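A short write-up of the structure that comes next.
Just so you know, all these numbers are worked out from the coordinates, no wet-lab data involved. Please read all numbers here as calculations on a predicted model, not as lab measurements. Here the Cβ positions follow ideal geometry from the backbone for every residue, glycine too, while neighbour counts run over all protein chains shown.
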Amino acid sequence: MDLVSRHQDVFGEMERLLASAKTLAYYNSSAETHVIVDASFVGLGPILSQKQSDGNFRPVTFASRTLTDVEQRYSQTGREALAVVWVCERFHLYLYGKEFILVTDHKPLDIIYFPKSKPPACIERWAMLLQPYTFKGSQIVIPDKLRKQTLQLAHEGHQGIVKTKLRLRGKVWWPGIDQDAENLVKSCKACQVVGPMPKQEPIKRTQLPDGPWQDLSNAENRDWRKEIPKFLLAYRSTQHSTTGKIPQNFYSIGKCTKLPEVDTEKGKDDPDTRRKDSEMKEKGKIYADQKKKTRESDIDIGDIVLQKQTKLTNCPQPSNTIRIMLLREKDHDLPKRTMKGIFPKGTVHLLKSVTDK
Ligand SMILES: [Zn+2]
């Protein structure tokens, strides 16, 4: 391995490591800040993390200390309250004068701020110590098992992604909560059924055939023997819209047959015609795509999709409901065209089903 490519490899690895969640991020005074408070039987281990430009949270600093013998005899809530106080002092440099989210159970703050009986001296002191800090409300850290249920509660009434996240925010937290909320809403069957249908796909232009009559087999479903003379007369004598040439000029009409023969010398290798054809087709495509605001479909063979119903069926549902449609093809090598063949209007009535993956 030469020196240059070795250096490139090392540099690439450094880039990857610097951007990974394992590496500490730089502190940014204007970034959204979370302080995750963690207290165990023997010690405290808070994390200060900040939202990065990519939307993910990355740790800025960690801290840890063991509990004294006396502190180890505190209740779990007492230890967590101690952790809140200690973390604010410990991360003072980062947190003072800044609004931040304290990620913790609500209980430790309750015992500090709303003690049921007259609090012991140390808790009164804690409340004093916490005064200079501005936390944006506490959030309950939801354990793994309850996250799905919490998400479903937040999505009750089938609000969109933004509103579902808004309901969660400020109340609960866990790592990756935003992504989980997005995934839930995107995969909600009810939301998909009433949601907007996909945009029409961009126009796919045909390639200019290598010679005349190459694509005749694709022509309309009529008896081509009868239709051909009418068609030929009109076609041959009219200037073609994309090539700008009169097709007559491409043929040499044989003396002993009514069918046209290809003048291979004349019809082939006309770069000017080919260029004009592709230019015109491109122009037409751009215009049509912009007008219809088309978008490339993400549906592929083998996907399970929802199909929009345009006609009333026997089902006691309104005409615009969608049913699940299996598109599973045995042969995955089939060209995409086959799929379009099943749905003559392309994929405009189909919606990729996320739920039934
Ligand atoms: Zn929903």
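When you count, for each residue, the other Cβ atoms within 10 Å and take the mean per peptide, how do 143-156, 46-59 rank with the highest first? Let's see the in-between values first.
On the way: 143-156: 13.7, 46-59: 16.9.
So the order, starting with the most tightly packed, is 46-59, 143-156.
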Links that overshoot a 25 Å alpha carbon limit, given the list K148/K189; K230/K291; K116/K145; K22/K107: K230/K291; K116/K145; K22/K107
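Tally the DSSP beta bridges in segment 3-141 and give the antiparallel ones as a percent, rounded to 5.
Counting only bridges with both partners in segment 3-141, antiparallel ones make up about 65 percent.
Answer rounded, prolate or oblate for segment 31-101, using the Cα gyration tensor with square roots of eigenvalues a ≥ b ≥ c: rounded when a/c is under 1.5, else prolate when a/b is larger than b/c, else oblate. Present the calculation step by step, with values, prior to reporting the outcome.
Numbers: a/c = 2.69, a/b = 2.16, b/c = 1.25.
Judged from the Cα gyration tensor, segment 31-101 comes out prolate (a/c at least 1.5, a/b above b/c).
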